[in-house]
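Taking it in order: structure first as structure tokens, then the write-up.
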Amino acid sequence: MFAYILRRLWQMLPTMLGVVLLVFILFNWVGGDPAYILAGKMSSAESIANIRRQLGVDQPYYVQLWIFIKQIVTFDFGQSWATGETVSHIITSRLGPSMMVLIPLTVLETFFGVALALAIAFVRGSLTDRAVMIACTVGMSISILVYIIVFQYGFAYKLGLFPVQGWGDSFWENLLRYSTLPILIGLAVSIAPTLRLFRTFVLDEANQDYVRTARAKGLKEGRIMWVHVLRNAAIPIITYVMSNLPALLIGAFLLERFFGIPGIGREVILAVERSDFPVIKAITVYVAAATMLFNLLTDLLYQAVDPRVQLK
């Protein structure tokens, strides 16, 4: 196991180097000169030259690339061009609010997705099954903006059950008061595609020969579904959940923006609006690294769920 982890970490290095080169090329050759963006349209050539010198973009490209690699290794991307705050502090301070929404949302989405998929598998092919799939299709056709507006208007403005926007300093206040409505909206948006996908995973296993053999032996349908089918369907379910975790950090930017949650997704939008390249580059690299680490964790979870899986 330890040798496998070391081998996978070693294999991540070329991928990470490719990500670094791609980000460097995009921001230095495609993204334009940041000095012109920060200086403004009415700036002089002298002020632009001073900004270039302060940012270090007047150095040769190989020097800038080496500085970028050192920033990644030391986890120090300097200061934000827009606010002057250190990039590391921005990311660490914004990560907590994002995780406060992400973790409960992922747990609830996975729990209800698996439970409903198994329940639908019991009545597969019936009118109930078709009605649920039609409802899922309709739910997937509605924009997340509609969910946000309707939930904010109904639950926050009309009923007054939750605040429309805001974020506090208390952990429990943020979790139970400010995060609840965004989590419910995220669950309403994600449960339909999750249920359809998990239903497919469960039905694929339910049609296997070992299930027919278990039924022929007289095992109860509940035990077959919850023990045998779920155990084998857990592998693609784990793949789906783990692969979505890094993307959810950025993908929740609409929820964070509409509800005023100071998370990573909202920070990305602000950084793009301000042309704050250090923040954008740091988040891009960290998300890429998190994706590779979650892929490694997924493989380890495979073996924990099913010891028959051989890690190579």
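The values are calculated or read from the model by the stated rules, or taken from the named source; none is laboratory data. Because the structure is a prediction, the values reported are computed rather than measured. In this analysis, Cβ positions are derived from the backbone assuming ideal geometry, glycine residues included, and neighbour counts consider all displayed protein chains. Ligands, DNA and RNA are stripped out before the accessible areas are found, and what is left, the full protein with its side chains, is counted by its heavy atoms. Shrake-Rupley method; radii C 1.70, N 1.55, O 1.52, S 1.80 Å.
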Counting only protein heavy atoms and leaving out ligands, DNA and RNA, the solvent-accessible surface of I72 at a 1.4 Å probe, in Å² to the nearest 10, equals 30
For labels at L22 and A3 in the simple 7 Å Cα→Cβ model, what's the distance in nm?
3.2
So how do 184-190, 19-25 stack up, highest first, on mean other-Cβ count within 10 Å?
184-190, 19-25
Does anything in region 1-22 have its amide N under 12 Å from the 7 Å Cα→Cβ label point of L297, and if so which residues?
none
How do E273, E256, E173 stack up against each other in accessible area, from largest to smallest, with a 1.4 angstrom probe?
E273, E173, E256
Using only the alpha-carbon atoms, how far is helix 180-206 inclined from the longest principal axis of the chain? Give it as 0 to 90 degrees, nearest 10.
50
Candidate cut points under chymotrypsin sites (Phe, Trp or Tyr not before Pro) in region 63-159, DSSP loop plus at most 15 other Cβ atoms within 10 Å of their own Cβ, are F75
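What FRET efficiency comes out for S93 versus Y210 if R0 is 35 angstrom and r is the Cβ-Cβ distance? Round to the nearest 0.05.
0.10
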Highest mean packing first, using Cβ neighbours within 10 angstrom, the peptides 208-216, 261-269, 95-103 sort as 261-269, 95-103, 208-216
Potential lengthening between T15 and V123 on full extension [0.36 nm per residue; Cα-Cα distance subtracted]:
34.4 nm
